[in-house]
Each structure stands twice: as structure tokens, then as C-alpha cells.
Amino acid sequence: MIPYEKRRFYLFCASALGAAVALAIAFTMFGASGRARRIASKNEAARGGLAAWRAVKTMSMSGKLDAGVRRDPAKLAMSYQNQLRLAAQARRALANVVPPTEKPVQLPFTMELERPRKSRLEIRFQGETAVQVYDGKEGWKLRPFLGRREVEPYTNEELHLAAQQSDLDGWLVDASAKGEKLELIGTDKIDGRDAYNIKVTLSDGQVRHVWVDTHSYLEVKVDGSRQLDGKLRPMWTYYREYKKVDGLLVPHVLETVVEGVAGSEKIVIDRVAINPQLADARFAKLDPVAVKAEDAQVKPTKPGDTTPAPGDAKGDAHAQHREKLARATRSTAEYKIPQLTLLRDDGKSVSLPQELDDGRVVVLNFVFTNCATICPVMSQVFSQLQDKLGADRNKVHMVSISIDPEQDRPERLAEYGKKLHAGPQWRQYTGTTQASVAAQRAFDAYRGDKMNHTPLTFLRAAPGRSWVRIDGFASADELASEVRAQLADR
């Protein structure tokens with residue numbers, strides 16, 4: 001048995017040791033926190049000053065969204081290698097990267113922001129506007145590209161992600177006033193330069209990471225998450241090309257990379273306004289009639305505008321098309337259709353060659369139902385094409401083949417077609433992953449990953465004829481003219 005005095009001595013030593021460890025941890029945390037606050041202060045100064053940012057109540061920006069852009073392999077490697085735990089995903093992603101051959105698809109957008117955390121995003125295509133609004137607590141969306149012309153509320157997941165977004169001045173500006181705790185984790189290489197990795201713990205306990213350049217003290221990267229294929233995936237957004245706007249430095253290029261996805265999404269900002277007058281209604285529940293009225297007032301001002309000009313093909317229809325396709329490239333090609341079995345949206349197993357050789361003009365594309373960029377636009381164009389064709393639609397077989405067959409089962413495709421008001425001449429197809437890839441390869445449309453796909457449409461007048469290949473977005477008017485030219489050539 002240990003004598004009483006010795007037991008007291010041992011307990012005292014143990015307590016002292018515990019206190020020393022606790023103090024060491026506390027001093028370490030205090031030091032990391034203090035350094036993080038000093039870096040945040042330098043970030044505020046570099047971006048224009050805390051007082052100047054506190055004076056910003058609203059902000060608006062406009063520019064172009066690059067849909068379906070594939071990232072340069074070297075940049076992709078750097079992004080993933082900075083995340084050591086993602087090394088395996090990086091190797092797989094790099095193996096799937098295809099050097100870009102097409103110009104990126106660009107869609108014009110407008111973003112309006114107001115404190116605290118209110119936002120309104122508008123994306124235009126072909127004279128219609130998709131809108132999503134968040135008032136700081138609730139959110140609504142209008143998605144005409146998907147044939148959804150009724151206002152829908154945000155899902156619980158969308159509300160969660162919206163609540164995670166920073167205020168208009170970012171995560172580090174005025175962090176203490178927002179109830180955020182900052183901690184310096186270390187330094188990492190971002191795009192070849194040293195950057196501080198700062199852990200930001202929000203007032204609700206959520207944790208984000210912000211990387212700040214060690215020389216300029218500007219944010220160069222932030223982390224986040226995104227719902228994709230039913231899974232919440234980590235993502236990173238890179239801030240580039242800072243420009244001064246009313247004395248404040250604002251990034252004008254944002255590029256986002258999602259874990260396990262080979263490509264990236266880029267936003268290029270052309271114009272920023274500080275403290276514009278924004279009506280409260282801009283962040284209220286959407287009114288579809290008001291949105292449509294705004295669409296009617298917008299007119300194309302330059303060739304790159306995505307609103308199509310009306311017109312019918314006359315004379316040499318193909319020559320007219322080559323002149324009209326300002327946003328797409330038309331070519332002809334010979335494709336050998338392999339013997340593949342697919343599943344149609346009615347659940348029936350069918351032969352792809354037989355489906356395409358039924359005597360009708362074929363209009364074909366590749367899509368997937370979870371796509372949020374290219375596919376909604378292409379599917380909406382197909383939906384509009386039905387109306388443009390009128391009685392001629394019965395002479396046409398419209399074919400949409402899923403590039404995500406694991407998710408897009410026949411019943412899901414049937415529901416997708418129903419939302420788009422697909423007529424009996426427009427069928428959706430799926431199958432095995434091998435069959436989907438083989439179909440894409442047959443049309444030289446395979447890009448290694450569904451997130452890398454590009455807008456493509458294929459037309460053929462009859463079996464044995466050449467295919468017309470359209471790279472890029474063609475409008476419903478343009479496709480209708482092409483179909484009628486195909487019908488005339490039969």
C-alpha cells in the first residue's frame with residue numbers, strides 16, 4: 001500500500017501535469033487564433049479596408065457562366081494534389097481528362113446580393129430566365145429550361161447549402177462581429193504559391209476553410225460542399241483576377257472543382273456594382289408573370305447573345321443553317337451504329353439500330369436527368385422543337401440517351417419526359433453503363449465523365465444517309481429548320 005503522503009504527492013504531480021498540458025494547448029490555440037486574426041486584418045486591409053466593407057449593403061454582378069468546361073490537366077493535378085487525402089480520386093480524374101477541343105459554352109447571368117445573406121441569381125437562355133432567390137431564411141426557384149414554369153420552394157438540402165454561403169464580403173471580413181472563430185492551421189501550396197489555411201468556425205458550429213495568399217493577403221481558395229448524384233461532395237472554389245471596384249478588391253474569375261469530378265465550372269464576372277438600389281421584391285417569392293414580362297423586354301444586342309433571332313429556312317436550307325448557327329457548329333459525319341440493347345422509358349428492351357432505322361428523321365442527343373447546366377437547356381430545346389414542328393413531328397423520332405444509366409432508370413426517364421411534355425415521338429433511353437458508353441463512342445460524344453459532356457445534337461434523314469452533327473447550343477427554330485431540310489431531302 002502506498003503511504004498517504006506519497007499518494008498526495010502523486011495526485012499533485014498528475015494534476016500539475018494535466019494543468020501544464022491544458023495550458024500548453026490553450027496557449028497553442030491562442031497563438032493560432034491570434035495569428036489567424038492578424039492575417040484576417042491584413043486581408044481586410046488588402047481588400048479595401050474594414051470600414052469600406054462595412055459600408056457595403058448591397059452588391060450586384062453580371063457575366064458569363066462557362067457550362068461544361070474541362071479544366072487544364074496541370075491545374076487539375078495541382079488542385080487535387082493539394083488535398084493529399086484525395087490522391088486516389090485525383091489519379092482517376094486525370095486519367096479521364098480529355099484535352100479541350102471546343103470553346104466553352106457560355107450563359108449570361110446576373111447575381112444580386114444584400115445583407116444578411118440574401119441572394120438572387122438569374123441565368124438567361126433563348127429568351128427565358130431561370131431564377132433562384134434566397135431571402136436569408138427561405139428560397140424559391142423557377143426553372144423554365146426544365147419545362148418547370150411554376151415557382152418551386154427550395155428543398156431542405158438547398159436551404160442547408162444556401163445557409164452555408166458567406167455574406168457578400170466573404171468569411172474573413174469582420175469575422176469577430178459575425179461571431180466567427182478563426183484558427184491558423186498551416187500553409188499550403190495553391191496554384192504554386194504559399195497560402196495560409198485558416199479554419200473558420202461559424203456561429204452555428206459549421207466549419208469552413210479559407211486559404212489566403214501569404215504575400216497579397218487576398219483569398220485564393222475556399223471550401224464548401226455540393227449535392228451531386230444524391231451525395232454531399234466536398235468542393236473548392238478558386239478566386240482569381242482581383243480588380244478594384246469603388247476602392248474595393250473583388251475577384252472577377254471564380255473556378256469550382258468538385259471531389260471526384262474531372263472538370264470545373266468557371267464564372268467570369270464582367271461588371272460589379274457596389275450599393276445598387278435593390279427593391280425588397282427582388283428577394284421575395286418569385287412571380288412567374290413578372291419574370292416573363294422581364295424576359296419580353298430583353299433583346300439581343302450582339303452576336304454572342306443567347307436569345308435566338310426568329311427566322312425560317314428558305315432556298316438552300318443548309319446554307320441558311322450554316323449562317324444562322326452563331327452559337328453552334330454544323331458538320332456532317334458517318335457513324336456506324338453498334339448492335340446495342342437499350343432500355344426505353346416504357347421499360348422495354350430495344351435494339352438501338354432498329355430504333356434509329358424506323359423510317360423517320362432522327363434527332364438525337366445525350367443527356368442525364370441530374371444535370372444542372374447543359375442538359376436542362378438541351379431538353380428544353382427538344383421540348384420546344386415539338387411545337388415548332390407542328391404536324392411534322394409525326395415524321396420525326398426524337399431520341400435522348402442517358403449518360404448516367406445507373407441513376408436514370410426507365411421510370412425516372414419517363415417522369416423526366418413527362419415534365420418536359422414529351423410527345424410519343426420523343427423517347428428516352430437508358431441501359432447498362434457499357435451500352436451507354438458504347439453509344440456515346442459511336443457518335444464521338446464520349447468525354448470520360450458525365451460532368452465533361454458538351455452540347456451535341458445529331459440528325460439523320462434516313463438509314464444509310466450521313467449524320468448532321470451540331471456542336472454547341474442550337475435553338476428550337478434552328479433545329480426545326482434543319483429537320484424540315486432533312487424531310488425535303490428524303
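All of the numbers you see were taken from the coordinates with simple rules; none came from a lab. What you see is a predicted model, and the numbers here were worked out from it, not measured in a lab. Cβ sites come from the backbone with ideal geometry, for glycine too, and all protein chains shown count toward neighbours.
Applying 1/(1 + (r/R0)^6) with r as the Cβ-Cβ distance of LYS419 and ASP204 and R0 = 41 angstrom yields a FRET efficiency of 0.70. Considering every alpha-carbon pair of segment 317-489, the percent of pairs per 10 Å bin, from zero through the bin containing the longest distance, is 10, 43, 39, 8, 0. Where both partners of a DSSP beta bridge lie in segment 317-489, what percent of those bridges are antiparallel, to the nearest 5? Restricted to segment 317-489, the bridges split so that about 65 percent are antiparallel.
Taking other Cβ atoms within 10 Å as a rough exposure proxy, SER203, SER379 sort from fewest to most as SER203, SER379. Of TYR196, TYR239, TYR217, TYR335, the sequence from fewest to most neighbouring Cβ atoms within 10 angstrom is TYR335, TYR217, TYR239, TYR196.
Applying a DSSP loop filter and a limit of 14 other Cβ atoms within 10 Å to the GluC sites (Glu not before Pro) in segment 406-490 leaves GLU406. Max-minus-min Cα coordinates of segment 155-258 on each principal axis give 39, 32, 30 Å, with the largest extent listed first. In terms of surrounding Cβ atoms within a 10 Å radius of their Cβ, TRP211, TRP236 rank from fewest to most as TRP236, TRP211. The phi-based Karplus calculation (6.51 cos²θ - 1.76 cosθ + 1.60; θ = phi - 60°) puts the 3J(HN,Hα) values of segment 444-453 at 6, 10, 7, 10, x, 7, 4, 6, 9, 5 Hz, whole numbers, x for Gly and Pro.
Over the Cα atoms of segment 354-400, each weighted equally, I'd like the Debye log10 I(q)/I(0) at q = 0.13, 0.21, 0.30, 0.31 Å⁻¹, rounded to two decimals. Rounded to two decimals, the profile gives -0.33, -0.75, -1.09, -1.12. Multiplying the residue separation of GLU138 and HIS215 by 0.36 nm and subtracting their alpha-carbon distance yields 23.8 nm.
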